[in-house]
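Written below as structure tokens is the structure these notes are about.
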Amino acid sequence: MKQDLINLIVELAREIQAQERPDWEEEIGAATRLFGKSGLLDSRGLVSLVIAVEQEIEDRFDKTVELADEKALSRESSPYRTIETLADYAVSQMETG
């Protein structure tokens, strides 16, 4: 399931990147930094990605998750660092939800 989520997030990140960061030249994959210094997305793009991932999880896996909740924001290590850390967080939310 994790690899499916990584693939999903990569697909969605590419769509957002094409609109918001057409100058981005790096390959987008599991290790891609999502936010912060040298990150793919600004805060608006990150919010768009998180919402899109939540919607796609519901559509494809019939699970409702909240990826932008207090638990995510209060973690010492942000789940929004890379595509893989977001996928890990999504899997944990799907398993507990």
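The values are calculated or read from the model by the stated rules, or taken from the named source; none is laboratory data. What you see is a predicted model, and the numbers here were worked out from it, not measured in a lab. Cβ placement follows ideal geometry from the backbone for every residue including glycine, while neighbour counts extend to all protein chains displayed.
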Hey, can you tell me all the residues within the range 25-39 that are touching a residue at least 24 places away in the same chain (Cβ under 8 Å), out of contact with any Leu (no Cβ under 7 Å at 6 or more places or on another chain) and farther than 14 Å from L12 by Cα? A31, G36
Just to be sure I understand, how many residues within the range 67-88 are at pLDDT below 95 and either within 17 Å of L12 (Cα to Cα) or in contact with a Pro (Cβ under 6 Å, 6 or more places away or on another chain) (or both)? 6
If you go through D42, D69, D62, D88, the only one that is in contact (Cβ under 8 Å) with a residue 60 or more places away in the chain and either over 19 Å from K2 (Cβ atoms) or not polar (S, T, N, Q) (or both) is D88
